[in-house]
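Engineer: The following block contains the structure, expressed as structure tokens.
Read the figures in this text as sums done on the coordinates, not as results from a lab. None of these values were measured; they are calculated from a predicted model. Virtual Cβ from ideal backbone geometry, glycine too; neighbours counted across all protein chains shown.
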Amino acid sequence: MDYNSNVRPNSMQRITTIELANEFIDAQVKAVREQVGDKGVLLALSGGVDSSVVAALLIKAIGKQLVCVHVNHGLMRKGESEQVVEIFRNQLDANLVYIDATDRFLDKLVDVSDPETKRKIIGGEFVRVFEEEALKLKGEVSFLAQGTIYPDIIESDGVKAHHNVGGLPEDMQFIGLVEPVKLLYKDEVRVVGKALGLPYEMVERQPFPGPGLGVRCTGAITRDRLEALRESDAILREEFDKAGLTEKVWQFFTVVPDFRSTGVRNGKRVFDWPVIIRAVNTVDAMSATVPEIDWAVLKKITDRILAEVKGVCRVLYDLSPKAPATIEWE
Ligand code: XMP
């Protein structure tokens, strides 16, 4: 099977079982070793499904010849960057460069309230941080690995998709690209990830926008609201998990808007933030419906958020389907 072509052969079997995934992994391990020889390979490891599976596959193939760079833009969900470090550096013994760029991103975003401008700043800064790290590795890495998957190739009309890395320093020349899952569909990437031993939360991770929590902390991002967002999101995930909803609901998260409302705490008036719970079911994210969540579950989440999250006095459940509402708030 020629896994290096950009066209998926009709004869290529759908990878639905661990057995088939293992066959694919063995073939790719061999192909990657042949492709890169003893040279170094650079990978931007976001913690998303695709880049995580590519990292695990390349670690198996070439071990420390792979250099993973994980940039924490400060807009990750609670525990996510820590999980990347724990799994890849501590468990898989990867060569991992971890950059905590939180202050850099949040400083750039002060007073920026327009959603598109926020997205552009986050995306642009991400490229700059990655570029800086890549330049430090000049001479050590000759190939660039990417978590391109088959829908990326189809969507870009057979032209190689470079969506995972927005740009690279001009004087940084790579011999070639390593894209070991580029002929796979998302569900197949997940099976390969499972076969490689990646944990369930990483392999079955929900879609998470590149700008991360930045588009769920609406308007100009502030550290207090970002903290409320991260904590409330963690509570929501925990309670959905306990209620067996993680596998039943396609995507769920919280949003903290940039307006306050009046509340009462310890007999005193407060003027605090609301937290909005968003949960949707969809097939392709083009349209979405809102699931009927058990009242007791919503109440438990509300009680916990009000008791545990600082600066929040109100919790709401967003009942709006897509369309007209989008899944994300920004
Ligand atoms: P909307 O809000 O447009 O979202 O209904 C549809 C799906 O896309 C996800 N989303 C993104 N994913 N980068 C991504 O990789 C992004 O910038 C981005 N924005 C939205 C969203 O979470 C939902 O699943």
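Engineer: Cβ neighbours within 10 Å, averaged per peptide: list 284-296, 301-313 in order, most packed at the top.
Structural biologist: Taking the mean over residues of other Cβ atoms within 10 Å, the ranking is 301-313, 284-296.
Engineer: With r defined as the distance between the Cβ atoms of residue 326 and residue 220 and R0 fixed at 30 Å, what FRET efficiency is calculated, to the nearest 0.05? Don't skip to the end; give the middle numbers.
Structural biologist: Details: r = 20 Å, r/R0 = 0.67.
Efficiency, rounded to the nearest 0.05: 0.90.
Engineer: Further question on the same structure: Which shape class, rounded, prolate or oblate, goes with segment 105-256 when its Cα gyration tensor gives a ≥ b ≥ c as root eigenvalues, a/c under 1.5 marks rounded, and past that a/b bigger than b/c marks prolate?
Structural biologist: oblate
Engineer: Within straight cross-link reach of residue 39, meaning Cα distance under 24 Å, which lysines are found once same-chain residues fewer than 8 apart are removed?
Structural biologist: Partners found: 30, 60, 64, 136, 138, 160, 182.
Engineer: Continuing with this model, one more query. Could you tell me which of 287, 206, 271 has its Cα farthest along the dipole of segment 181-330 towards the positive end, charges placed at Cβ (Lys, Arg +1; Asp, Glu -1), taken about the Cα centre?
Structural biologist: 271
Engineer: What net charge is computed for the residues neighbouring residue 228, neighbours being all others with C-beta under 14 Å from the C-beta of residue 228, Lys and Arg scored +1, Asp and Glu -1?
Structural biologist: With Lys, Arg at +1 and Asp, Glu at -1, the neighbours total +3.
Engineer: According to a simple spin-label model (label point 7 Å from Cα along Cα-to-Cβ), what is the distance in nm between residue 112 and residue 100?
Structural biologist: Each label point lies 7 Å from its Cα, and together they span 2.2 nm.
Engineer: Beta carbons within 10 angstrom, averaged per residue: use that to sort the peptides 107-113, 173-179, highest first.
Structural biologist: 173-179, 107-113
Engineer: Then there's this: Report the Rg/Rh value for segment 176-293, based on alpha-carbon coordinates and the Kirkwood definition of Rh.
Structural biologist: On the way: Rg = 18.0 Å, Rh = 16.9 Å.
Radius of gyration relative to Kirkwood radius: 1.06.
Engineer: Still on this structure, please answer the following. Using all alpha carbons of segment 87-145, what is the percent of pairwise distances in each 5 Å bin, ordered from the shortest bin to the longest?
Structural biologist: 4, 14, 20, 18, 17, 13, 9, 5, 0
Engineer: Another question, then. Mind checking the dipole of the chain: about its Cα centre, +1 per Lys or Arg Cβ, -1 per Asp or Glu Cβ, Debye to the nearest 20? Spell out each step's value before the answer.
Structural biologist: On the way: 42 positive and 50 negative charges, 153 e Å.
The calculation lands at about 740 debye.
Engineer: Rounding to the nearest 20 debye, state how big the charge dipole of segment 195-243 is about its Cα centre with +1 on each Lys and Arg Cβ and -1 on each Asp and Glu Cβ.
Structural biologist: 200 debye
Engineer: In nm, to one decimal, how far is the modelled label at residue 262 from the one at residue 119, with both set 7 Å along Cα→Cβ?
Structural biologist: In this crude spin-label approximation the distance works out to 3.7 nm.
Engineer: Something else: Is any residue of segment 303-330 close enough, with backbone N under 19 Å, to a label point placed 7 angstrom from the Cα of residue 289 along the Cα-Cβ axis, and if so, which?
Structural biologist: So the set is 318-328.
Engineer: Roughly how tilted is helix 295-308, in degrees to the nearest 10 and between 0 and 90, from the longest Cα axis of the chain?
Structural biologist: The angle comes out near 90 degrees.
Engineer: Taking the Cβ of residue 265 as the centre, find all other residues whose Cβ is under 15 Å away and add up their charges (Lys, Arg: +1; Asp, Glu: -1).
Structural biologist: Neighbourhood net charge equals +2.
Engineer: Taking 0.36 nm per residue of separation and subtracting the Cα-Cα distance, what length does fully extending residue 317 through residue 22 add?
Structural biologist: 102.0 nm
Engineer: Suppose only helical runs count, i.e. DSSP H with n ≥ 4. What mean residue ellipticity at 222 nm does that imply for the chain under -39500 (n - 2.57) per run, divided by all residues and rounded to the nearest 500 deg cm²/dmol? Mind dumping the intermediate values first?
Structural biologist: On the way: 10 runs with 122 residues, N = 330.
It comes out at -11500 deg cm²/dmol, rounded to the nearest 500.
Engineer: What Kirkwood radius, in Å to one decimal, follows from the Cα pairs of the chain?
Structural biologist: Details: mean 1/r = 0.0470 Å⁻¹.
Over the chain, the inverse of the mean reciprocal pair distance is 21.3 Å.
Engineer: Continuing with the same structure: With a Cα-only, solvent-free Debye model of segment 189-230, what are the log10 I(q)/I(0) values at q = 0.15, 0.22, 0.34, 0.35 Å⁻¹?
Structural biologist: Reported log10 I(q)/I(0), two decimals: -0.53, -0.71, -1.10, -1.13.
Engineer: Got a sec? Which residues in segment 64-86 would a label at residue 238 touch, if it sits 7 Å along Cα→Cβ and we count backbone N under 13 Å?
Structural biologist: It comes to 78-79, nothing else.
Engineer: Most fluctuating residue of 186, 194, 30 in a GNM of the chain with Cα springs under 10 Å: which is it?
Structural biologist: The residue with the greatest mean-square fluctuation here is 30.
Engineer: Starting from the 7 Å offset along Cα-to-Cβ, what nm value, one decimal, do you get for the label separation of residue 172 and residue 297?
Structural biologist: Rounded to a tenth, the inter-label distance reads 4.2 nm.
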